Amino acid sequence: MLPMVNPIKLKRKLVFFAIKRLFDIVASLCGMIILSPLLLIIAICIKVNDPQGGVIYSQVRLGKNKKKFRMYKFRSMYIDADERLKDLLKYNEVDGAMFKIKDDPRVTSVGRVIRKYSIDELPQLWNVFKGDMSLVGPRPPLEREVEQYSDYDLQRLLVKPGCTGLWQVGDRNAVGFDDMVQLDIKYIRHISVLQDLSIMVRTVYIMIVPNTAS
């Protein structure tokens, strides 16, 4: 287990966080403009595959210092996915305050493709532009997950959540909750511009050559 993060030292990194925020604004805006044709195609595919539901799925998550915000994704599941979750919790393959199962029956056929290449996350560029999230950081948890957090786990919420991070660029299905927390704390303890750039480059590679995400 890594030592606890010093919040005071983290707050002193004013220049880094200013650069990070500026980069997030520019990169997310450029990303939304450049990728707009792809976003439109994905939206059409989702609607054709399952006409009953909407194209975008939103969910309340907790960000830095437990601040609530609505996170956006392309809908990859059937419209009754949240209702069916309670029946699937017993099949959870990840220990701790996180839910994940392989071949989730709630995922649509188009959803499996966009999840494999992590493009279901692209609408989060809007969250980044708004300032709810950063391009790089810990994944934003659900409120019910945070209720199970220990003081050590709560360190994940010392910085803004991100679209990608050390967990996402690894073999995420093979990593349990405790390992994910360790990776997030490692990221926060060594937070830097170079680390963010490295994670973003690895993320692009994984989108082209997917890992075991599903």
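The values are calculated or read from the model by the stated rules, or taken from the named source; none is laboratory data. This one's a predicted model, so the numbers in the text were calculated from it and none came from an experiment. Cβ placement follows ideal geometry from the backbone for every residue including glycine, while neighbour counts extend to all protein chains displayed. SASA here: full protein model, heavy atoms, side chains in, ligands and nucleic acids out. Shrake-Rupley method; radii C 1.70, N 1.55, O 1.52, S 1.80 Å.
Per-residue packing, averaged as other Cβ atoms within 10 Å, sorts the ranges 120-130, 39-49 into the order 120-130, 39-49, beginning with the highest.
Compared with the dominant Cα axis of the chain, that is its longest principal axis, helix 14-34 is turned about 20°.
Extension gain, Tyr205 to Ala27: 0.36 nm times the residue separation minus the Cα-Cα distance gives 62.3 nm.
Ellipticity at 222 nm from helices only: DSSP H runs of n ≥ 4 in the chain, each -39500 (n - 2.57), divided by the residue count, give -13500 deg cm²/dmol. Take each peptide in 13-20, 56-63, 133-140, count the other Cβ atoms within 10 Å of every residue, and average; sorted highest first, the result is 133-140, 56-63, 13-20.
Ligands, DNA and RNA are left out, and with a 1.4 angstrom probe the accessible area of the chain is 54 Å² per residue.
Put simply, when 155-167, 178-190 are sorted by average Cβ atoms within 10 angstrom per residue, most first, you get 155-167, 178-190. For a straight C-alpha distance cut-off of 23 angstrom, the lysines reachable from Lys9 (same-chain residues fewer than eight places away being disregarded) are Lys20, Lys64, Lys66, Lys67, Lys160, Lys186.
For the chain, with all protein chains in place and a probe radius of 1.4 Å, 63% of the accessible heavy-atom surface sits on carbon or sulfur.
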